[in-house]
Structures are given as C-alpha cells and as structure tokens.
1. Strands (runs of 3 or more DSSP E) wholly in region 177-270 with at least 2 residues that are over 26 Å from Ala58 (Cα atoms) - which ones?
2. Would you check if Ile135 is touching a helix residue (DSSP H, G or I) at 6+ places or on another chain (Cβ under 9 Å), within 20 Å of Ser75 (Cβ to Cβ) and either crowded, with 17+ Cβ neighbours inside 10 Å or not assigned by TED's automatic domain parsing to the domain that holds Arg169 (or both)?
3. Can you give me the number of residues within region 289-327 that are at pLDDT below 75, hydroxyl-bearing (Ser, Thr, Tyr) and closer than 23 Å to Leu18 by Cβ?
4. Would you mind listing the strands (runs of 3 or more DSSP E) fully within region 107-174 where at least 3 residues are of a type in the set (A, V, I, L, M, F, W, C) and in contact with a strand residue (DSSP E or B) (Cβ under 9 Å, 6 or more places away or on another chain)?
5. When you go through Lys9, Lys43, Lys4 one by one, which is the residue that is within 30 Å of Gly239 (Cβ to Cβ), among the basic types (Lys, Arg) and at pLDDT below 95?
6. Asn54: exposed (fewer than 14 other Cβ atoms within 10 Å of the Cβ), at pLDDT 85 or above and within 26 Å of Tyr102 (Cα to Cα), yes or no?
7. Is it true that Phe254 is at pLDDT 70 or above, closer than 28 Å to Phe25 by Cα and of a type in the set (Phe, Trp, Tyr)?
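The values are calculated or read from the model by the stated rules, or taken from the named source; none is laboratory data. Note that the coordinates shown come from a computational prediction; the quantities given were computed from them, not determined experimentally. No Cβ is skipped: glycine too gets one built from the backbone with ideal geometry, and neighbour counts run over all protein chains shown.
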Amino acid sequence: MFMKTIKAKLIILISILLLFVSSGFGIISYINASNALVSNITKTLPEIAIQASNTIQANLDNQLNSLEVTAKIASLNNDEPDKLMEILKAEAKRNGSIKMGYADLNGNITYTTGEKANIKDTTYFKKSVSGENFIDDPVVNEGKTAMTMVYSVPIKNDASIIGVLVSVRDGMELSEMIKKISFGKTGSAYMINSQSNSIAYKDPSMPLNQYNSIKEGEKDPDLAGIADMQKRMIAGETGLSLYTFGGKESYGGFAPIEKEKWSVVVILEKSELLSELDSLKFSITITSILFLIIGILVIYIISNRLSARIKYTSNSLNILATGNFTNKIDRKYLYFKDEIGDMANSMDTMQSSIGAMIKISNDNSIIIDENSSNLSTISQNMLSSSNNVSGSIQEVAIGINSQANNLVEITTILNTFSSKLEDIVMNIKDIDKNTITMNDLANSSSSSMKLLMDAVNSISLSFKTLSNKIFTFNSNVKEINNIVQIINSIADQTNLLALNASIEAANAGEAGKGFGVVANEVQVLAEQTKSSSQNISKLISDISNDTDIITKDTNNMNANLNNQVNIINETISSFENILDVIKTIIPKVQAANMSAIEINSEKTDILDKIETTSAIAEEISASAEEISASTDEMHNLSNDVASTAATLNNMTKKLINEQSKFTV
C-alpha cells in the first residue's frame, strides 16, 4: 500500500536519482584524482631519475678526481718505485680500493698487492693511455660471489703521458648508491649497462647474476614491457614507462648516466601510487552518503506536505462524488499558487457552479411536471379534430367516380396515339443508329486530323534540327579558318627562324653550334603546326558527321510529308461517308414528320376530354389537399404530442429521482 502513494514514489525515485548523482560525482572525482596522480608521477619519476643519475655521476667523478690527484703524486715519484707503491697502498686503504696499480706505457702493471700483469689489451688501459679518465663496467668473478670495477686515469709529466693509474674497487658500491634512492614503501632504483645487464640493484643477486631483462623478455612474454623500457634506456633516452614485473604493475622513470653509457631507473608500484586515493575514496563515500541522507530527509518533508494537500483534495473530491455539495473547501488550500492550489480553486468553483445548477434544475423540474398534464389535455382535443375529416373524404369519393368514366374514353384515344408513337419510335431508332455511325466517322476524322497535326510538328522539329546542324557546320568552318591562320603564322615564324639560324650558323662557323636554341624553337613550331593539322582533321570529320545527320533528317521529313498526304486522303474519304449517311437520314425524318401531322389532328379530341377531366381533377385536388393537410397535421400533432407527453413525464420522474441524490 505504501508503494502506491505519490509520497513513496517521490522518495524512492528522487533517492535513486540522488544516489546516481552522488555516485557519479564521486566516481568522476576519483577518476580525476587518479589521472592527476598519474600525470604527476609521469613528470616526477623522470626528474627523480635525472637527479639520481646526476648524483651517481657526481660520486663517480669524485672517485676519478681523487684518482687524478694520486696520479699527480705518482708522476712525482715515478723514479722511486718502492716509494710510489707505499703511497698507493696508503691511498688504497684511505679511499677503500681493493687494490691500486701503476702501469707503464706498455701495459705492464704492478698492484699494491704485489701482483703483476699486462693490461695493454684492456679497454680502460687504451682509454687512459690516450688521455681519458675511464670507468669500466663492473665484472663478476667466476663464482658469482663478488663484483669489481676498474677506475683508470692517465699519469702525466707535464703534458706527456708516462703511465696509467688503476684503482680496482668493489662493484657493489653501485648497489649501495642505489639503495640510498628510495621513497614510499615500494619506491627503489637500479642501474644497467649498455648491454642491459644489471650492475646495481637493491637485491645483490641481480647484478651478481648479470640479470638481463631484454634477454629474459625473449623467453617470457610477461617481461615484454620491462624489456621495451630497457631498450629505450640503453638507447640513452629519458622518460617514463608502465610495465609488469613479478605480477605487479610499476611505473619506471629512467635517465642515462652519459659518461659511462649506463642508465638508472627509479620505480614505483602502481598499487602504492593509487593507495593514496583510498582516503579520498572513503571521504567521497561518506560525503555521498551524508548528502543522500539529507536529500532523502528533505524529499520526505516536501513529499509529506504535498501528499497531505493531495490527500485533502482527494477526500474533498470523494465527498463531491457522493453528491454532497455542502462541504466547503478549507480556505488555506486555496492560497497555494501551484498545481494543487489550482486544483483546489477549480474544485471550489466547480462545487459552487454545479450546486447552483442543481438547485435551478430542481425548481424547473417541478414546473415541467405541472405542464406535462396540460399536454395530455391538448392531445385529446387534437384527436377529436380527426373525426371531422371523414365528411370531406365522402365528397371526394363522388368526384372520383365521375373522373373514372371520362378516363375510359381517354384510354381509347390514347391507344390509337400509342400505335402512331410506335412508328415514330422505330424511325427514331434508325436515326439513332445512323447518328452513332456519324459519330464514329467524326471520331475517325478527329483522329486523322490529330495524326496530321503530329506529322506537321515532326516536320517542324526536323527543320529546327537542320537549322542547328547548319549553325554548327558554320561554326566549325570558322574554327577551321582560325586554325589555318595559326598554321600560316607558325609556318611564317618557322621559315624566319630557319633563315636566321642558317645565317647565324654561316657567319659563326664552328661557333654556330651554339645556335641549337634556334633549331629547338623551329622544332617547337613544327610540333604546333602538326597539332593544328590534327585539329583541322578532327573538325573536317565532325563536318562530315553533321552532313550525314542533315541528310538523314531530310529523309525523315520526306517520309513525314508522305504520311500527311495519306492522312489527308483518309480524312476526305471519311467526310464523304458522313454525307452518304446524312442522305439516308432524310427519308426517315420525313416519315417521322408525317406521323407527327396525324398525331396533331387527333390531339383535339384528347384535349377536350382532358379539359373535362381537368375540371373534375381540380375539384378532387382541392378537396384532397384539404383532407390531406388536415389529416396529416392532426395525426402528426396527435402522435407527437402523445409521444412528447409520455417522454416528458418519464424524464421528469427520472430527473427528480436523480436530483434527490444531491445535497445543496
């Protein structure tokens, strides 16, 4: 029952609407916030990667700078190997090197550990002996338990290179640098070399095993995303990538360490990034619920008020439906300026107007009931008048008998008249047949004339076509004339140029070869002459075609003229047939005329009898009219009055019964 009320429907529908609106705004806010976070991380992670790259590069440069200072000391003690080795041992201990070594220009090196070797084929020796500071990629030992990397700088005496200073350090130092780069719960970093091998990672096993995502991606399609990112990294790009690794989506911002051709990437799991939105999601949900509750309360109050007014209006209408017009509408409901207020005002107006109408109807019903009895008396008087009609009917009967005797004599005369009329009818039938024949022939003549008209029109059209073709022929002739003029002009120029070329060539001798331009111009003019000749040929062909068309049209015109002659002959023949038919009609018309004369001689007797009959008929007619008028009028009035009286009486009773249901 509750669901059938307007209040319930309003609350439910608007609550659903508020729920959709709140949810929509919440979802839009969440999506916008998510997009903003992703957009922010798109800019932030590459910047962090650049900062990490700069920091790592600075640390590496510091190591090289420190090694350069040691190289300068080594150059000063180059002549004292024992002293130099002591200095290098002390420096190795100070800066944390595993060992340091001094190499001559032939690549022979002596380390602080006492080891000796030849490094002339190594990349770092070649780079440094040519004057560069160099850091070699980290190298993993055979047992994959340790990783070392080599720093090398040239040893100079003034501007001359006299050797190379080498420092062998723990390669895991790079991983220690990477461990310092962290943010959030999952934010971390790692480095790869130019072959995409891992050289620094928070998990030492990755660089020790020289993990290569590009090679692994060739085996495992799930690593395609990270493999694509590292391809961009080893290409020296700076940017951002979204990839899946270990079943988790992560953002990676990367930047190159340009001097060493390495690349560093800073990663952050997508789930951690979006976890920042959980509080926003909770806030949006709570806010939406609060707005929904407030909205439902407001709608409940509004719908409750509307429902009360509608219910009052409905109850008032139910009272009116029972016929009680004494119940007054509460004035406070009449002051509302909305649809329900309009309905209350309309109901109040209806109650007043219908109540007044019912009261007037009650009064009139009483008057009608009194007059219905008078109608019954009048109908009785009308019936008595019908008795007076019978006397007039008897007088009419006497006149009718006399008229009947005269009509017998008229019948005999009319029989003879009928015989004559039959002859007339037969002759008229023949005339009708001949007339039909004449009509058919006339129609045939009309059709022939139409064909004649069509033929004339066809001739006219042919002449028009002939005129157009002649005009086209004239235009083509003019065009031929223009082209001939062009050909003549070109021929003149060709002759003139050829003459000039001959004169110039003769005067110039060997140098006359330069007049090839004139010869080319002559060739161009010759081509134009050829083109004009082709146009002339085409126009002549068109003229020939037009001439054929003109000839064909002339033949058509001749055929049309022949058709016209035949049609005219047929028309003349048709009219001759019409004349023959007319000659046949003349005797028939004469016979009809003779019959008409005989009929005319007998019409006198008919007229005398008719005059006598007419006088009697007039008397009968007058009496009959009086009788008919009186009888019809009286009977009609009697029936109408009786029927009206009965109907009125029944209606009055029903009306009084119905009015008794209303209370006014």
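1. Output list reads 239-245, 248-257.
2. Considered against the rule, which asks whether it is touching a helix residue (DSSP H, G or I) at 6+ places or on another chain (Cβ under 9 Å), within 20 Å of Ser75 (Cβ to Cβ) and either crowded, with 17+ Cβ neighbours inside 10 Å or not assigned by TED's automatic domain parsing to the domain that holds Arg169 (or both), Ile135 comes out as no.
3. The total comes to 2.
4. Correct list: 147-157, 160-170.
5. After applying the criteria, what remains is Lys43.
6. No.
7. no
Condition check ((1) surrounded by fewer than 21 Cβ atoms within 10 Å (Cβ to Cβ); (2) in contact (Cβ under 8 Å) with a residue 40 or more places away in the chain; (3) closer than 18 Å to Leu45 by Cβ) across all residues:
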residue	(1), (2), (3)
Ile192	no, yes, yes
Ser198	no, no, no
Lys202	yes, no, yes
Met206	yes, no, no
Gln210	yes, yes, no
Glu216	yes, no, no
Pro221	yes, no, no
Ile226	no, no, yes
